[in-house]
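One structure below.
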Amino acid sequence: MDNVPQLIQERSAPPATLVIFGASGDLTRRKLLPAVESLARHNRLPSEFALVGVARTPMEDEQFASSALTGPSLSDKPQLQGGIRYVSGGYDDPETYKRLAETLDELDAQRGTSGNRLFYLSTPAEAFEPVINGLAGAGLNRAREGSFSRLVIEKPYGRDLTTARELDSVVHGAFDEPQVFRIDHYLGKDTVQNVLALRFANSIFQPIWDRSWVDHVQITVAETLGVGTRGGFYEHAGAMRDIVQNHVLQVLALALMEPPASFGAEGLRNEKAKLLQAIRLPTNRDIADLAVRGQYTRGGTRDELMAGYREEVGVDPLSRTETYAAMRLNVDNWRWAGVPFYVRTGKRLPARVTEVALQFQRPPHLPIPANQLTDLEADALILRIQPNEGISLRFGAKVPGHSFRVRTASMDFSYEQTFAEESPEAYERLLLDALLGDPTLFIRTDEVEQCWRIVDPIIEHWENDHSPIPTYEAASWGPADADRLIGRSGRAWKNSI
Ligand SMILES: NC(=O)C1=CN([C@@H]2O[C@H](COP(=O)(O)OP(=O)(O)OC[C@H]3O[C@@H](n4cnc5c(N)ncnc54)[C@H](OP(=O)(O)O)[C@@H]3O)[C@@H](O)[C@H]2O)C=CC1
Ligand SMILES: O=C1O[C@H](COP(=O)(O)O)[C@@H](O)[C@H](O)[C@H]1O
């Protein structure tokens, strides 16, 4: 199996200790601990495995082990019994790292974790630098001969291109690039990986996947949730930094890139980086026509009235942070020249839906009278990332009867109905990949930079624009400006509920 890329192999993880910084936080409780629990339940953890949580909040080992939002205490799992520790301390206090190093040595001796360490930074970005420096100060950035020391860093990676580069120089001051795993959990979703399967494991789609056939593409990441308890974080991020810079552009890159020669980490990431480089930047003159933002106000139904963004906990009552962003992008390469790509994301929209929709050109000539085609939409291929994971092909079909009426019909593939196998949670997949040292589904530094290059001018334009921020009612499909953005070319958003 030497030449088979790691991405497509069934693998088992080597002995290791997973160390989570920010272990008292939201992501740890909601995603990381449940992912560890599920890996244990599916026997995907090595028998020699240990878990250490680090944060300032005082906690006992057992309290940490039982802090996952779903499921029983992790220490109920036979593979994890006696292998869970919690170290409390400040992120910039050398004592924290001394105690951490002692705990890790102890676990190596007791559980045979072989000196392999995966450090997961699940803190707000302010703590990344002190943690990296703390690890380096205690020598934990360097593994013993034959072992590994790896760093997983949560998103967003920097606030813009400059700070992403600054963070990279902090990271590279302590860790070499092959030790670094920049996470974007969308890449861990089976349905996002299925974009690769659909495009490159079949021959029927490739010939129509270009400017000759595709009229335009829409990528939607719509959430029904508001900012919940994360208002403080979101105020400094906004939709563009939180979702577009990472999830949306990663999905777009996979959907539009050239076929890689293999699914090896470098082959795949080279193609994504090339695609991102080909995205044209808006100029100051056209930026207002190409990018739209919005903020949700109070809305919903009488039964479920939802607060406006400015009323959420941790949010400035005069906040100008966008909770919705939409853009029209162009990709300047041979395959996509002239095809518009419309992307959008928002919180408090009417449906939770993430999808990529390729809309095809209308036939050059229709030998059917227009009055028989009133219910015929353009052909489309819709990749549903979540929920109702699957793919739909939308096309025109003759309505049974004596006339020749043609209306839109669709062929649907559903993951749930087709496969008996269970999809792993994205974080489960990515934790395992990082333990295995497979960087394929993690973001390389040049991709991060390209993504900031694309969104920075728009964020800067918005920050310098002091006119009132456009609004949309909670549970509506975003600000009116977004309809104008796409409507200018005679097209319309595909709003699925
Ligand atoms: N939550 C989510 O759904 C997602 C989160 N992320 C990213 O994951 C990381 C963690 O997110 P999340 O768990 O929501 O974050 P939290 O705000 O819950 O913070 C995690 C922990 O970090 C510590 N902490 C909080 N603020 C600071 C600070 N200013 N300086 C140092 N430590 C601090 C706290 O622990 P203590 O006080 O005990 O030290 C806290 O429990 C972030 O980088 C976020 O952007 C990415 C995708 C989704
Ligand atoms: O990274 C983030 O993603 C979630 C959405 O993730 P999903 O897997 O539920 O689609 C988003 O709610 C959050 O604001 C953002 O930080």
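For the chain, what Kirkwood radius comes out of the mean inverse Cα-Cα distance, in Å? Taking the inverse mean of 1/r over all distinct Cα pairs, the chain comes out at 24.3 Å. Placing unit charges on the Cβ atoms of the charged side chains and taking the dipole of the chain about its Cα centre, the candidate lying farthest along the positive direction among Tyr97, Ile458, Ala357 is Ala357. Amide hydrogen proximity for Gln295: with H placed 1.01 Å from N in the peptide plane, the residues at 5 or more positions away or on another chain lying under 5 Å are Thr323, Thr471, Tyr472. For the range 6-154, the percent of C-alpha pairs falling in each 10 Å distance bin, counted from 0 to the bin holding the largest distance, reads 12, 44, 37, 7, 0. Normalised size of the range 272-421, defined as Cα radius of gyration per 2.2 N^0.38 Å with N residues, equals 1.40. Normalising the average separation of contacting C-alpha pairs (under 8 angstrom, six or more residues apart) by the number of residues puts the relative contact order of the chain at 17 percent.
Judged by the mean number of other Cβ atoms found within 10 Å, the most tightly packed of the peptides 455-465, 184-194, 411-421 leads the ranking 184-194, 455-465, 411-421.
Extension gain, His236-Leu69: 0.36 nm per intervening residue step, less the Cα-Cα distance, totals 57.6 nm.
Label-to-label distance for Phe205 and Asn371 is 4.0 nm, based on points extended 7 Å past Cα in the beta-carbon direction. For the range 16-60, the percent of C-alpha pairs falling in each 5 Å distance bin, counted from 0 to the bin holding the largest distance, reads 6, 21, 29, 24, 15, 6, 1.
The calculated FRET efficiency for the pair Met411 and Glu10, based on their C-beta separation and a Förster distance of 35 Å, comes to about 0.70.
Near Asp160, no amide H atom lies under 5 Å from its own; only residues 5 or more places off or on other chains count, and H is placed 1.01 Å from N. For the range 93-105, the Karplus equation 6.51 cos²θ - 1.76 cosθ + 1.60, evaluated at θ = phi - 60°, returns couplings of 9, x, 4, 4, 6, 5, 5, 5, 4, 5, 4, 5, 4 Hz by residue, with Gly and Pro reported as x.
Under a 5 Å amide H cut-off, with hydrogens placed 1.01 Å from N, Val52 pairs with Leu18, Val19, Ile20, Arg85 among residues at least 5 apart or on other chains.
In this simple spin-label model, placing a label point 7 Å from the Cα along the Cα-to-Cβ direction at both Ala480 and Gln81 gives a separation of 6.6 nm. Per-residue Karplus couplings for the range 138-147, computed as 6.51 cos²θ - 1.76 cosθ + 1.60 with θ equal to phi - 60°, are listed in order as 9, x, 7, 6, 10, 8, 5, 3, x, 10 Hz, Gly and Pro entered as x. Karplus-based coupling profile of the range 167-180, in residue order and whole Hz: 4, 4, 6, 5, 4, 6, x, 10, 10, 7, 3, x, 8, 9, with θ = phi - 60° in 6.51 cos²θ - 1.76 cosθ + 1.60 and x standing for Gly or Pro.
Charge tally for Ala50 (other residues, Cβ to Cβ under 14 Å; Lys, Arg +1; Asp, Glu -1): -2. Each Cα pair under 8 Å and six or more residues apart adds its separation to the average, and for the range 328-455 the resulting relative contact order is 15 percent.
FYI, it's all coordinate maths here, none of it is from the lab. A quick note: this is a predicted structure, and the numbers were derived from the prediction, not measured. FYI the Cβ positions are ideal-geometry reconstructions off the backbone, even for glycines, and counts take in every protein chain you see.
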